[in-house]
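Asks: Got a structure for you, written out below as C-alpha cells; questions coming shortly.
Each reported figure results from applying straightforward, stated rules to the coordinates on display, with no laboratory input. Bear in mind the structure is a predicted one, so any value in this text is a computation, not a measurement. Cβ coordinates were reconstructed from backbone atoms using ideal geometry, including for glycine residues, and neighbour counts include every protein chain displayed.
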Amino acid sequence: MNAVYSGSFDPVTLGHMDIITRAANLSERLTVAVLNNGNKNMLFSLDERFEQMKSLAGHIQNVTVVRFSGSLIELFGELSADAVVRGLRTPADFDHEFLYANALKSINPKIETLFFAADPALMHISSTMVKDAARFGCDIKKMVPNYIIDAVKKKVQNKDWGNV
C-alpha cells in the first residue's frame, strides 16, 4: 500500500509522529505531505515545517516528506497512492474526517481513507494546544518532539498574537 498523510503540522506533535510511525509500519510507502494552508494563522513557514518534518520522519525507511500546496486529490494521483491516512483524536474529528473521506471518494472512487485512532496518552494534544501552552510558558516536552521544543518557544515569543 502507498499511503499519503497530509497536514499543516504547525507544529509537529507527538501525536502526528505516532500516526506517521504506525502508518509507515502498515504501508509499503508513506508520503507525509506538509500542507501550505493559507487559511490558518501559521506559527512556522512552509519551509520550516517541511524541514522539521524531514528531520523527524525522513529517517524512516519507507517515508518520504514533500511540500504540498494543491488539492489532495491531485497529490493522490501524482503519487499513485492507494490510501489517505487521517488521525482521530475525538468523536468530533471522526465526524469531520468521515464527511471529508466521503467527499474525496465521491470525486475519486479509488481513494480509500485509513483512520488511525489516537494513542490515548496523546489524544489530548493538538497543534493549537501546543502553541497556546508554549505561549503561556507551559512545559511542552510531553507534546512535541524534543527536536522542535526550542523552535516552538522562540516562535511563540516573537509572534504578534494580536490577530489570533
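Residue by residue, here is whether (1) surrounded by 15 or more Cβ atoms within 10 Å (Cβ to Cβ); (2) more than 23 Å from Glu28 (Cβ to Cβ) holds:
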site: Ile60; (1), (2): yes, no
site: Glu78; (1), (2): no, no
site: Ala81; (1), (2): yes, no
site: Asp95; (1), (2): no, yes
site: Asn102; (1), (2): no, yes
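Asks: Going through region 69-89 one residue at a time, which ones are farther than 28 Å from Ile125 by Cα and in a helix (DSSP H, G or I)?
Replies: Within region 69-89, Glu74, Gly77, Glu78 qualify.
Asks: If you don't mind, there's one more thing I want to ask. If a residue has to be closer than 25 Å to Ser45 by Cα, among the hydrophobic types (A, V, I, L, M, F, W, C) and over 14 Å from the mean Cα position of the chain (by Cα) to count, how many in region 56-113 make the cut?
Replies: Matching residues across region 56-113 total 5.
Asks: If we scan region 42-51, do we find a residue that is more than 15 Å from the chain's Cα centre (by Cα) and either part of a strand (DSSP E or B) or aromatic (Phe, Trp, Tyr) (or both)?
Replies: Checked region 42-51: no residue is more than 15 Å from the chain's Cα centre (by Cα) and either part of a strand (DSSP E or B) or aromatic (Phe, Trp, Tyr) (or both).
Asks: Further question: Collect the residues in region 27-45 that are out of contact with any Pro (no Cβ under 7 Å at 6 or more places or on another chain) and either touching a residue at least 60 places away in the same chain (Cβ under 8 Å) or closer than 18 Å to Val144 by Cα (or both), keeping them in residue-number order.
Replies: Within region 27-45, Val32, Val34, Asn41, Met42, Ser45 qualify.
Asks: Same structure again: Kindly provide the set of residues from region 100-129 that are in a strand (DSSP E or B) and of a type in the set (A, V, I, L, M), ordered by number.
Replies: Selection gives Leu114, Ala117.
Asks: I would also like to ask the following. Of the numbered conditions (1) in contact with a Pro (Cβ under 6 Å, 6 or more places away or on another chain); (2) part of a loop (DSSP other than H, G, I, E, B), Val152 satisfies every one except a single condition; which is it?
Replies: So Val152 meets the others, but not (2).
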